[in-house]
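Coordinate-derived values only; no laboratory data. As the structure is a computational prediction, the values presented were derived from the model and not from experiment. Here the Cβ is made from the backbone with ideal geometry for all residues, glycine too, and neighbour counts use every protein chain on show.
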Amino acid sequence: MIHKYDEPVYLISIVAKILDIHPQTLRQYERENLICPSRSNGRIRLYSQRDIDKIKLILRLTRELGVNLAGVDIILRLKDNVDEMENEIATLRHEVQKSKNVHSVSPDKALVTKKSIYEIIIFEE
């Protein structure tokens, strides 16, 4: 069965096993507000693939780059801001392109009158 990227389906024990970390590490990340897994009706934590990818990023920052959890929090917030701005820029570019396609003639030249293509030339002898 294929699940959607944001669909919360993985239990904490499964995520811990997949990432080779202790479940307590995941609980700590949640206490630090680095991740926010969904909860079932029985209050069981459920993680999505998006959550797992975010945890992988956190592990890479802490293990490979030596960033502490406060630094990870700042990096994740900055990353979210950049992603938001990139989406906004893409939307604006799309709207500009759509606007260009609607106006085949630029708005300042929309009312151009055309002279006759015939000209009269008078020669004097």
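Tabulated data
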| read-out | value |
| --- | --- |
| Scattering curve values for segment 24-94, log₁₀ I(q)/I(0), Debye with Cα scatterers, q = 0.24 Å⁻¹ | -1.08 |
| Dipole moment magnitude, nearest 20 debye, segment 10-103 about Cα centre, only Lys, Arg, Asp, Glu C-beta charged | 300 debye |
| FRET efficiency, 1/(1 + (r/R0)^6) with R0 30 Å, evaluated for Val82 and Ile18 via beta carbons | 0.65 |
| ³J(HN,Hα) computed for each position of segment 75-90 - Karplus, 6.51 cos²θ - 1.76 cosθ + 1.60, integer Hz, glycine/proline x | 4, 5, 5, 5, 4, 4, 4, 5, 4, 4, 5, 5, 5, 5, 4, 4 |
| Under 22 Å, Cα to Cα: Lys pairs in segment 15-107, sequence gap 8 or more or different chains | 4 |
| Karplus 3J(HN,Hα) series, Hz, for segment 91-96 with 6.51 cos²θ - 1.76 cosθ + 1.60 (x for Gly, Pro) | 5, 5, 4, 4, 5, 5 |
| Burial ordering of Ser13, Ser38, fewest other beta-carbon atoms within 10 Å first | Ser13, Ser38 |
| Length released on extending from Arg31 to Ile2, taking residue separation times 0.36 nm less the Cα-Cα span | 7.5 nm |
